[in-house]
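Remarks on the structure that follows.
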There are 2 protein chains.
Amino acid sequence: MSKRVGLKDIAEALNVSITTVSRGLNNKFDISKETRKAILEKADELNYRPNAYAVSLRKNEYFTIGVIVPSVDHYFFSTVLKGIMNKAHLSNYLVLIGESTHDLNKEKEVIEQFVSHCVTGVIISPSNKSSYSNNLDILVKKRIPYIVVDRPVKESDAPCVKYDDPNGAFLAVEHLIEQGYRKIAYLKSYDYCVISNARFQGYKDALAKHNIPFNPNFVKTCHLIDQENQEEEGFFATKQLMLAVDKPDAIFAVNDDLAAGAYRLAEKLNLNIPRDLGVVGYSNSQISRHLKPQLTTVEQPGIEMGELAFDFLQQSIIGNKSKLTKTFDARLIVRDSSIRGAETKYKKQKDNKRYANSI
Amino acid sequence: MSKRVGLKDIAEALNVSITTVSRGLNNKFDISKETRKAILEKADELNYRPNAYAVSLRKNEYFTIGVIVPSVDHYFFSTVLKGIMNKAHLSNYLVLIGESTHDLNKEKEVIEQFVSHCVTGVIISPSNKSSYSNNLDILVKKRIPYIVVDRPVKESDAPCVKYDDPNGAFLAVEHLIEQGYRKIAYLKSYDYCVISNARFQGYKDALAKHNIPFNPNFVKTCHLIDQENQEEEGFFATKQLMLAVDKPDAIFAVNDDLAAGAYRLAEKLNLNIPRDLGVVGYSNSQISRHLKPQLTTVEQPGIEMGELAFDFLQQSIIGNKSKLTKTFDARLIVRDSSIRGAETKYKKQKDNKRYANSI
DNA sequence: TTGAAAGCGTTACCAG
DNA sequence: CTGGTAACGCTTTCAA
């Protein structure tokens, strides 16, 4: 294995000092045209690349940021990451990526690794369970700037790029109510899931505003282990709901994949969406446009959120002390899965006695 | 900004030498229980974290790998990245991520940054255009191990985790032929796209095997700029095809998103899939299962490919000289969009004179 | 215009 | 068991 070529190698080849080589490479003024040219040529010939570790160590300047997401192949997070990459590349930052997989210990490990690697800042979309952890304190103690994306953490006033989750849910549920649905079920995630709870709040608020009593039987917990199982979880949760005596007439799911499960169940039971069952998802993921009927869902502008998170981080790095917090306004994307009146378009059966009177 | 705490700070606080502190922290044997304990406690108290830059520089051991993909929010690549993350975390490697966005210059920049950052190895899914570049030579010259994922690069014999793309296309097209389709169109990407060309080859091979003359009018180039525009491109390409005098009776698309565009066009023209138009996509992305009818597609096991790529990289890093190359067997996932006979299930109209006789 | 030397935070070697 | 010293590759300061 050939050793890395360093300043020394160039210096020796040219019979000049290391200092001179460094100067030549860094475009300093106090150097003659010829030596500079010779140095540049030799560096090129030897395929010299500066050792960023040595440079950073010496200059005490580090140009790496760390990004932590629960899962890189999750649609929304991959989108946030994309936004971060866009900006990071422009600013010449390198991006270290870590997955927490919703595991607090792993999240902690990653943070510690990042700290060791002298990241200039961190952008983190905390694990679902993070509100019960102090993982971020590590960064606080080290005075490493960080921006939280998507998930509010405790009552913390950390710089944060959020989405108005409760309101997103509120808009979704109110929309269902306006469409005439009255028995709206909520497909949630684990109890400790901050996101799920925030949306639950919006769900309840919308019911309350319209004087619809909250029915705990209409709330089902889904076990969101990985990307693959979500649809199935949605399927089974909806199944339980629809086989009960008191059935809901609409489903509000904490994400689109769960909603897709509801579609599958509806198909199986010959329920027409949106006539027999209104469905609204969350995230505006790729599949939402491709489901039939197209799924009404809450938009989450991941790329923009990622880009803003990076901007905030940069602000924080350069010492901007103002409150770096932004909450993106919730926006409901109304499509056909929740529009009563759109039903005929997708009707497969003339009628279905069992569910026809569900309003 | 408080300075980073280092060995020196601990040493001073405890009135021992830096050497001793280093020993204590690193679990060396030649140190007394008490000093060790004191050191550990003080380190904890001061919130000490080793500076990985200094450690690496000194030990000349680097524990970072670089990953380069065209786009992090592209379904397949995010999935490859996931596989890499799985393994990297287990091996305690840090992962630097870079996007080429199919831009050779950007790809080169990223590679150079990675080299500067002393990555131990690189996993790269080259840009579409990479077969015309020498970007990988940078790594070769630096003797940095790398693994190419997904896209074969030139005639290069670089370690590689591939997918049998031509055969995937071959299976797809042969399947269509077996289902009775004869006028099969191909929705391709740019001419320089290695992937698109590999699939094109499989397409032509399948036609040849079954003595179906190749019709260049059935080949449409789509401009795949970003995630968003793909469906639209597929829509317009299919539109051109279906408005021509000599219409195809099936579409084989280079990816699922393009295929989704074909669905939209079919819906608009009231074409029944699969009866009037068979459709096969590529990638088995999330949407493929959710399209109606479900889309027949070619599987691409991104996670497994990513995991294997990391394993290969590790082999390469420890100096394993054997040929680290694996081509995943192509597998066609047959669903309803290409099964003649399944059509009634999704039929919306009794008949459609214009296209009914398209077989 | 050039070079010698110090030092970034750490570990390895050798001496005590 | 402990500590001094050199070195990793580079930049910076100071002196020539």
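The values are calculated or read from the model by the stated rules, or taken from the named source; none is laboratory data. What you see is a predicted model, and the numbers here were worked out from it, not measured in a lab. Virtual Cβ from ideal backbone geometry, glycine too; neighbours counted across all protein chains shown.
Restricted to segment B:1-67, the set of helices (runs of 4 or more DSSP H) holding at least 2 residues that are away from every other protein chain (no Cβ under 14 Å) and buried (at least 16 other Cβ atoms within 10 Å of the Cβ) comprises B:7-14, B:18-25, B:33-46. Before we move on, is A:Gly168 outside any strand (DSSP E or B) and on the phi > 0 side of the Ramachandran plot? In short, no. Within segment A:42-61, the set of residues being within 13 Å of DNA strand C (Cβ to nearest atom) and hydrophobic (A, V, I, L, M, F, W, C) comprises A:Ala52, A:Ala54, A:Val55, A:Leu57. Within the set A:Lys292, A:Lys326, the sole residue that is in contact with a helix residue (DSSP H, G or I) (Cβ under 7 Å, 6 or more places away or on another chain), part of a loop (DSSP other than H, G, I, E, B), of a type in the set (Lys, Arg) and surrounded by fewer than 20 Cβ atoms within 10 Å (Cβ to Cβ) turns out to be A:Lys292.
Screening the candidates B:Val110, B:Val119 for the property of being hydrophobic (A, V, I, L, M, F, W, C), within 19 Å of A:Val67 (Cβ to Cβ) and at the interface with another protein chain (Cβ under 9 Å from one of its Cβ atoms) yields one hit, B:Val110.
Counting only residues that are of a type in the set (S, T, N, Q) and crowded, with 23+ Cβ neighbours inside 10 Å, which one in segment A:255-283 is nearest to A:His223 (Cα to Cα)?
A:Asn255
If you go through segment A:219-253 and keep only what is of a type in the set (S, T, N, Q), over 22 Å from B:Ile303 (Cα atoms) and surrounded by fewer than 22 Cβ atoms within 10 Å (Cβ to Cβ), you end up with A:Thr221, A:Gln240. Scan segment A:256-290 for residues that are more than 16 Å from A:Leu332 (Cβ to Cβ) and facing chain B (nearest Cβ under 9 Å) and the total you get is 6. Here A:Ala185 qualifies as more than 20 Å from A:Pro126 (Cβ to Cβ) and either in contact with a strand residue (DSSP E or B) (Cβ under 9 Å, 6 or more places away or on another chain) or assigned by TED's automatic domain parsing to the domain that holds A:Val148 (or both). Scanning segment A:89-112 for residues that are free of Cβ contacts under 8 Å to residues at least 24 places away in the same chain and out of contact with any Asp or Glu (no Cβ under 8 Å at 6 or more places or on another chain) yields a count of 3. Screening A:Asp150, A:Asp137 for residues that are more than 27 Å from B:Asp44 (Cβ to Cβ) and among the acidic types (Asp, Glu) leaves exactly one candidate, A:Asp150.
Taken over segment A:322-342, the residue count meeting the criterion of being under 14 Å from A:Ala172 (Cβ atoms) and hydroxyl-bearing (Ser, Thr, Tyr) is 2. Just one residue in the set B:Lys87, B:Lys82 is under 11 Å from the mean Cα position of the chain (by Cα), in a helix (DSSP H, G or I) and modelled with pLDDT of 95 or more; that residue is B:Lys82. Taking the criterion of being of a type in the set (A, V, I, L, M, F, W, C), within 12 Å of another protein chain (Cβ to nearest Cβ) and within 19 Å of the chain's Cα centre (by Cα), the only residue of segment B:293-316 that qualifies is B:Ile303.
Here is the figure for segment A:72-94: residues that are within 15 Å of B:Asp73 (Cα to Cα) and facing chain B (nearest Cβ under 7 Å) total 7.
In segment A:188-286, counting only strands (runs of 3 or more DSSP E) that sit wholly within it, the ones holding 1 or more residues that are hydroxyl-bearing (Ser, Thr, Tyr) span A:219-221.
Here is the figure for segment B:100-150: residues that are part of a strand (DSSP E or B), closer than 17 Å to A:Asn51 by Cβ and aliphatic (A, V, I, L, M) total 1.
If you check B:Thr64, B:Thr19, which single one turns out to be more than 16 Å from DNA strand C (Cβ to nearest atom) and without any contact (Cβ under 8 Å) to a residue 60 or more places away in the chain?
On the way: B:Thr19 fails: more than 16 Å from DNA strand C (Cβ to nearest atom).
The unique qualifying residue is B:Thr64.
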